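Down below is the structure, laid out as structure tokens.
The values are calculated or read from the model by the stated rules, or taken from the named source; none is laboratory data. On a predicted model such as this, the values are computed, not experimentally measured, just so you know. So basically every Cβ, Gly included, is an ideal-geometry build from the backbone, and we count neighbours across all protein chains shown. The accessibility values were calculated without ligands, DNA or RNA, using every heavy atom of the protein model including side chains. Shrake-Rupley method; radii C 1.70, N 1.55, O 1.52, S 1.80 Å.
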Amino acid sequence: MVVLANPPVVDQIPLLRSPGPADYFSAVPVVDLSSPGAARAIVDACERFGFFKVVNHGVAAGTMDRAESEAVRFFAQAQADKDRAGPGYPPFGYGSKRIGLNGDMGWLEYLLLAVDHAAISDGCAVPSSAALRNALNEYIAAVRKVAMRVLEAVAEGLGIAPADALSAMVAEQGSDQVFRVNHYPPCPALQGLGCSATGFGEHTDPQLISVLRSNGTSGLQIALQDGGQWVSVPSDRDAFFVNVGDSLQVLTNGRFRSVKHRVVTNSLKSRVSFIYFAGPPLAQRIAPLPQLLGEGEQSLYKEFTWGEYKKAAYKTRLGDNRLSQFVKA
Ligand code: GA4
């Protein structure tokens, strides 16, 4: 057997089969956030896919466009200037190719930022440019509201009272919100070879939900819950895409499943994405909501706080099943 080494430019970055037209998933659930049926549709999508697309979300196109163009301007700087923006104390700041602390690599560069209430935390020195910081803050304030509405709709659809049972975890003082701007440059060296560089390797998100928006370059793939087949998500720069995270899986005692996802690099076009990760305060206990447990139904998971889960998550590799160590024997 002949084992071919990766072309040097993508050395150390795993390769994936390039997606073709047949890989596109036309059945992504679409939720109209302004419609009365939104809560039911969201619960249905979370049960079937752990993933859905949100339209009629009310966020102005200008807010998304400004954040995108400022981010593009940031990443267009000389490498030495960007390197000065990180890495701060990991994981926050600018990063390139290295993901997390345990050796994962992807064909991307990014800004990882802590969010305090509805804006980039004062403790994050990066980004220092006022124009980028303001544009991202405007976007974060808007996307955070979308996340709250989605979590309120989840509570409504599941019949949980009070209506803010889930959204309050994120609205609370000290909630652990993270914002990420990812830039996946094209990788022309692999064009025509049938394979693509892994932009961001397969993983589930640890938080409650994540809300993603991209510039319209495809690359996001999700694993379907029945069979685990990887499908490509058709991009839509006007919509948001929502993932169920591990914590919401536990809060629903496995009724919702956190969705495995990854990003495949495009050979010709840059992809820029924004992801807002809605996490609770570190002390928040993550356990099935009592209203969701049927008569005699036990939690599938051991007791833990978000802080404990996060600490354990940072010791894992990206593709590890992080929840498995918290599943009851
Ligand atoms: C995945 C979701 C978010 O991007 C993130 C990631 C974090 C990081 O990039 O620092 C982690 C990853 C993510 C889960 C396991 C650990 C931590 C990299 C990694 C290998 C910011 C997060 O919260 O968890």
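Residues that are under 19 Å from the mean Cα position of the chain (by Cα) and hydrophobic (A, V, I, L, M, F, W, C) are absent from region 291-300 altogether. If the condition is being farther than 24 Å from Val143 by Cβ and assigned to a loop (DSSP other than H, G, I, E, B), then region 186-212 contributes Pro186, Cys187, Gln191, Gly192, Leu193, Gly194. Kindly establish whether Tyr110 is closer than 26 Å to Ala131 by Cα, at pLDDT below 95, within 16 Å of the ligand (Cβ to nearest atom) and not small (Gly, Ala, Ser). Spelling it out, it is not the case that Tyr110 is closer than 26 Å to Ala131 by Cα, at pLDDT below 95, within 16 Å of the ligand (Cβ to nearest atom) and not small (Gly, Ala, Ser).
Of the residues making up region 50-74, just one is closer than 16 Å to Leu132 by Cβ, out of contact with any Phe, Trp or Tyr (no Cβ under 9 Å at 6 or more places or on another chain) and hydrophobic (A, V, I, L, M, F, W, C), namely Val72. Every condition in (1) within 16 Å of the ligand (Cβ to nearest atom); (2) surrounded by fewer than 22 Cβ atoms within 10 Å (Cβ to Cβ) is met by Val181 except one, and the failing one is (2).
Considering region 213-260, the qualifying strands (runs of 3 or more DSSP E), each wholly inside and each with 1 or more residues that are more than 21 Å from Pro186 (Cβ to Cβ) and in contact with a helix residue (DSSP H, G or I) (Cβ under 7 Å, 6 or more places away or on another chain), run over 230-232, 240-244. Picking from residues in region 64-104 that are among the aliphatic types (A, V, I, L, M) and within 11 Å of the ligand (Cβ to nearest atom), the one that is most open to solvent (accessible area, probe 1.4 Å) is Leu101. Go through the residues of region 135-146 one by one and say whether even a single one is farther than 22 Å from Phe92 by Cα and open to solvent by less than 40 Å² (accessible area, probe 1.4 Å). There is at least one residue in region 135-146 that is farther than 22 Å from Phe92 by Cα and open to solvent by less than 40 Å² (accessible area, probe 1.4 Å).
Look at region 61-83: where a residue is of a type in the set (Asp, Glu) and a partner is loosely packed, with under 14 Cβ neighbours inside 10 Å, sitting 6+ places away or on another chain with Cβ atoms under 7 Å, you get Glu70/Ala131. Give me the residue from region 277-329 that is among the charged types (D, E, K, R) and assigned to a helix (DSSP H, G or I) and, out of that set, most open to solvent (accessible area, probe 1.4 Å). Top of the filtered list is Lys311.
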